[in-house]
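Below: the structure, in structure tokens.
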Amino acid sequence: MPPSNPDDHSPASALPMVGSPGVRPMSLIGLERESREQQIRFRGAPEGQAAPATLLEGVLEGIPDAFYAVDEHLRLTHANRHACLLWGKPREELIGRSLADALPEGATSEAWIFHEAALRSREPLQVEVQSAGRWLWFTIHPLAGGGLTVCCRDVTQSKEAETALRESEERLRKVTDRLPVLIAYVDAEHRYRFNNKAYETWLGCSPESIQGAHLRDVLGWMRYEAIKPFVQAALAGQPVGYEAWVELPDGKRYVKTEYIPERNADGEVDGFYVLISDITGYWHSQNALAQSEARLRLALDAGRMAIWELDAASDTIGVNPELNRLLGIPSDISLTSEEIRSRYYPGERGRLQEAAVGALARGERYVESELQIVGYDGTPRWLLLRAELQDIRNGQPMRMLGVALDITERKKNEEHQRLLLNELNHRVKNTLSTVQSIASQSLRNAASAAEARSAIEGRLLALSRAHDVLTREHWDGASLQEVVQQGIAPFQSQGHGRFDIQGEDMRLPPRVALSVAMALQELGTNAVKYGALSTEGGRIAIRWTLTGTGGGKGLELVWQETGGPPVAEPTRKGFGTRLIERSLAQELHGDVSIAFMPAGLICSIRATLPLVGQAPPATPVM
């Protein structure tokens, strides 16, 4: 094996180079000739000045390698200082002795055998020999007159370095071969110079068959053209990478590829390292995670929920965008913990803390509580909080993780239901009282049982029709237009379209709608018996207006008959008149008057009332 620096030795057909770099190589004969000439020139030196050693001896002593000469019997005839150091003997013990005495293994050593071979063949010889734990590089050159000149270099260190490098490379290859990733090195000509064993598993070809091959020949033209921009970027010194699906012999894989440039001592890019990882499983898991998050987000959106986290150590609330939606806050606004707490109704924070402490006292790790807050628009909102109490220290949770559910609509429905129940209880009592009063007064004022039955039926039917209107509206109120139409419906056969109705439709609270319906029933019955509907030419005008502003809005409704028989004020007021003037006025908290004008009866209803649909005063922002 040649030495690590081949320039330090001459080729096999020439004598070894001697001296330092730049010295002209010359044969031993040439050195002897020059030495004789030097001696002749120094013969004329002044007396007392010693002639220097021969040039040959000076050169041989100065070279850093062991140099020696042997005769045809392999006896040492010359040995320089480094030869003496190499064998560990002084010069006087070497000159004239057999080379076998200098060599550690004697005449059985490989070095001795190669010296004999060179002596017999009369051909120059270069050989590497291991001797006494050292590696020696011999350059042996036969002399014309017999014998040999030998230059010997100790290459143990370089040999050990080469061995260490080779072992390191072998360990590195073993490591890279065991890795489940593709590792390669590509030079500036787009050719593979190193590949690990994964190429055999992935591509079905051995690393040896790929080394030296062009990327295009291994990957195919289409694949090569696809990655060519990344290759060019890496060779330009830019680390690059990409992810993509690739078709391999065992199916499709999703891989992550990285190209890492390698620069030499001058900073130039000689090539780049390739690292390709199979992340198919990671891609599937990330895709599944994204789908799971999308489903969770959909569930949160559908359920009007938000996830939140409380860190007791920093006293901060971590939220997600869904909480902004629950609070009615624009998504681009980020609230601090204090801004969120500032929207709590008074006493809510303390109540939440008590709920958490109570759950821990009961040995529970989960807590549930309602929270009333003020929305971004100033309207009240309700949230249902459910949380897990985590990292309990000294009886206090250091962390709470939970969800917030918007229950504002539910709370509104509960409040509406409560109001309806209260209204129903009140209305049932009033209705029973009304029925009792209708029956009692009808029987008391009727001339006969038949008349009493007719009066009771008519009044109960009017009450029933008003209830029908309210039921369709879930007892949330009723349209005044519809109440009027239902109220005059029984009299249309007698009226033949003689009702003139005028007024903008509006919604009435349930109690007002029932009172107006009962009043229309009594007024209509009276008009059929005695008023405008008792004659062919009579007409009835019903008109109403909304008066007042703000919370003092009022309803003014007028019933006016014309074209009927002359009207005179009765000497005795019947039940219908008393029902209208007293009961209706009491229900409406207003003023009701009946004027018996000669041209026809006029009934005026004036009431101050809150209309259905009118929003209550806004809750102030806390």
Excluding residues fewer than 8 positions from residue 256 in its own chain, the lysines with Cα under 19 Å of it are 197, 228
Cα gyration tensor category, rounded, prolate or oblate, for segment 316-422 with a/c compared to 1.5 | oblate
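Using the crude model of +1 on Lys and Arg Cβ and -1 on Asp and Glu Cβ, and no other charge, please compute the dipole size for segment 153-243 relative to its Cα centre, in debye to 20. All intermediate terms of the calculation are to be shown ahead of the outcome.
Details: 13 positive and 14 negative charges, 18 e Å.
Here the size comes out at about 80 debye.
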Quick one: net charge of residue 223's neighbours, Cβ under 14 Å, K/R +1, D/E -1?
-> +1
Could you rank 591, 187 by how accessible they are, 1.4 Å probe, largest area first?
-> 591, 187
Find how many whole Å separate the alpha carbon centroid of segment 180-259 from the alpha carbon centroid of segment 119-159.
-> 47
Once you list every other residue whose beta carbon is under 10 Å from the beta carbon of residue 540, what net charge do they have if Lys and Arg are +1 and Asp and Glu are -1?
-> 0
Run the 1.4 Å probe and let me know the accessible area of residue 93, rounded to the nearest 10 Å².
-> 100
Measure of exposure for residue 569: accessible area at 1.4 Å probe, Å² rounded to 10, is 130
Highest to lowest packing among 523-532, 191-200, 354-363, scored as the average C-beta count within 10 Å = 523-532, 191-200, 354-363
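Using a 1.4 angstrom probe on the protein heavy atoms only, could you order 408, 608 from most to least accessible area?
I get 608, 408, largest accessible area first.
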With all protein chains modelled, accessible area of residue 499 [1.4 Å, Å²] | 20
Using θ = phi - 60° and the Karplus form 6.51 cos²θ - 1.76 cosθ + 1.60, what ³J(HN,Hα) does each residue of segment 396-403 get, whole Hz, x for Gly and Pro?
-> 10, x, 7, 8, 10, 10, x, 10
Among 333, 542, what's the order by accessible area (1.4 angstrom probe), most exposed first?
-> 333, 542
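The values are calculated or read from the model by the stated rules, or taken from the named source; none is laboratory data. Being a predicted model, the structure only gives us computed values, none of them experimental. Cβ atoms come from the backbone with ideal geometry, glycine included; neighbour counts cover every protein chain shown. Note: accessible area is taken over every heavy atom of the protein model, side chains too, but ligands, DNA and RNA are not part of it. Shrake-Rupley method; radii C 1.70, N 1.55, O 1.52, S 1.80 Å.
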